[in-house]
1. Report yes if some residue within region 18-30 is open to solvent by 50 Å² or more (accessible area, probe 1.4 Å), in contact with a Ser or Thr (Cβ under 8 Å, 6 or more places away or on another chain) and at pLDDT 85 or above; otherwise report no.
2. Restricting to region 45-85, name every residue that is part of a helix (DSSP H, G or I), among the β-branched types (Val, Ile, Thr) and either open to solvent by 50 Å² or more (accessible area, probe 1.4 Å) or in contact (Cβ under 8 Å) with a residue 40 or more places away in the chain (or both).
3. Could you count how many residues in region 19-44 are of a type in the set (Val, Ile, Thr), assigned to a helix (DSSP H, G or I) and touching a Gly at 6+ places or on another chain (Cβ under 8 Å)?
4. Is it the case that SER61 is out of contact with any Pro (no Cβ under 9 Å at 6 or more places or on another chain) and of a type in the set (Gly, Ala, Ser)?
Amino acid sequence: MGWEGWGIAPSGYDAANLYLHSLPVPDLAERVRKEFSHILDTSTGRVGELTACTEILPAASRVPFYADLADAVRGRRETAAKPWRRRPNVCVSSRSARSTWHSIRAQ
């Protein structure tokens, strides 16, 4: 399998990207979530998922495929962001995680 997130990306980004792109096919999305739960169900996995959301949602106005994904991705964004919303003063150590969080809050 070829991953698109080579280079600098939060841990869990590639698994999250695969999961978000599988959302139109619920059985596939469930399988991907299950197979990568050891990554996606962690704090760093949520940061990866939020990062992937911040890339997909702005593209929804330009790319029809992303427009079709947008509602499902917004739902996942809300779910992935919940732990931080309950504890707004969480200290996040990496710069990419902080910028992702600020992008999510701004949308």
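1. yes
2. Within region 45-85, VAL47, THR51, THR54, VAL73, THR79 qualify.
3. Number satisfying all stated conditions: 2.
4. The answer is yes for SER61.
The values are calculated or read from the model by the stated rules, or taken from the named source; none is laboratory data. In this text, all values refer to a predicted model and were calculated from it rather than measured experimentally. Reconstructed Cβ throughout: ideal geometry from the backbone, glycine too, with neighbour counts over all protein chains shown. Ligands, DNA and RNA are excluded from the accessible area calculation, which covers all protein heavy atoms including side chains. Shrake-Rupley method; radii C 1.70, N 1.55, O 1.52, S 1.80 Å.
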